[in-house]
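The numbers here are math on the coordinates, done by the rules we state, and not lab data. Owing to the predicted nature of the structure, the values given are computational and were not obtained by experimental measurement. All Cβ positions, glycine included, derive from the backbone under ideal geometry; neighbour counts span all protein chains shown.
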Amino acid sequence: MSEIPVVRDVLDDNAAGAAANRARFAAAGVYVMNLMSGPGAGKTTLMERTAVACRGRLRIAVVAGDIETRRDADRIARHGVPVEQVNTGGACHMDARMLEGALSRIDLASLDALIIENVGNLVCPAEFDLGEHDKVMILSVTEGADKPAKYPLMFSEARLMVLGKTDLLPYVDFDPHAAIADARTLNPDLEVIRLSSRTGEGIEDWISWIERRRASRVGGTKD
Ligand SMILES: Nc1nc2c(ncn2[C@@H]2O[C@H](COP(=O)(O)OP(=O)(O)O)[C@@H](O)[C@H]2O)c(=O)[nH]1
Ligand SMILES: [Mg+2]
């Protein structure tokens, strides 16, 4: 019986933290994306690709969220972008307060975009506002086309669905049309980019998408 007020307190506190983060992003003029997916869908690999593709074009930093270890942060940092690791210590998602701690170690005003790699989980991360401008998710073709119908919240909350690992389409039983149709039943405005971090398919569309969203939410890139 006492559970409901506790949940409400947690979400109220998160909303306050998200509002503080949002104000900080606005003051710094930085566009912020919350990138979510199930474990292994390809978030870190896409961040590695993005770090390389953004050189000379967009100044980005990444916050890598995981339950334990700083392996993802180390992978991304090799490509020369600033990275902060957030370990959630068991929690299945990042919350606004955990992000707040990492933000104080990043020079936000020097960035065009900050990408938050959330904890790999198709459910919990979608419930926590971090103060970001956009929620983006990856559904990789190895996960099964039934996932939008089974895990609707994340697909409803996202502005963009990256359909990932398209290089593997010939080898898996995955119907992209069915997956996209199911996702758009939940979210008619959902944008979709087909992408492979292996072959590079869709990477240009992905970087252009970030540039467009930055321009529309924050303004042009900094000189
Ligand atoms: N074939 C293929 N494998 C990929 C692609 N992207 C990621 N992977 C592989 O998928 C596994 C999980 O990727 P990772 O980026 O660590 O996923 P994360 O848990 O979402 O961060 C790794 O073995 C990657 O090499 C892709 O586009 N194509
Ligand atoms: Mg990762």
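Some notes on this structure:
- Centre separation in Å (Cα based) which lies between the stretch 187-202 and the stretch 208-223: 19
- Largest first and in whole Å, the equivalent-ellipsoid semi-axes of the stretch 3-217 read 25, 22, 16, each the square root of five times a Cα gyration tensor eigenvalue.
- Set of lysines near residue 150 by C-alpha distance (under 21 Å), chain-local residues within fewer than 8 positions excluded: 43, 135, 165
- Around the Cα centre of the stretch 19-132, unit charges on the Cβ atoms of Lys, Arg, Asp and Glu (plus for the first two, minus for the last two) sum to a dipole of about 420 debye.
- For the stretch 115-223, diffusion coefficient by Stokes-Einstein and Kirkwood Rh (Cα), 25 °C, 0.890 mPa s, µm²/s: 167
- In this entry, the stretch 176-223 is assigned a mean projected area of 4.6 nm², taken as a quarter of its C-alpha convex hull surface.
- Think of it this way: in the chain, 54 stand alone, with no other Cys Cβ under 4.7 Å.
- Per DSSP, loop GluC sites (Glu not before Pro) in the stretch 32-137 with at most 14 further Cβ within 10 Å: 68
- Taking other residues whose beta carbon is less than 13 angstrom from the beta carbon of residue 104, and scoring Lys, Arg as +1 and Asp, Glu as -1, yields 0.
- For residue 81, neighbours were defined as the other residues whose beta-carbon sits under 13 Å from its Cβ, and their charges (Lys and Arg +1, Asp and Glu -1) total -1.
- The chain, helix-only ellipticity at 222 nm - DSSP H runs n ≥ 4, -39,500 (n - 2.57), divided by all residues, nearest 500: -12000 deg cm²/dmol
- Positive contributions from Lys and Arg (+1) and negative ones from Asp and Glu (-1), summed over other residues with Cβ under 15 Å from the Cβ of residue 126, come out at -2.
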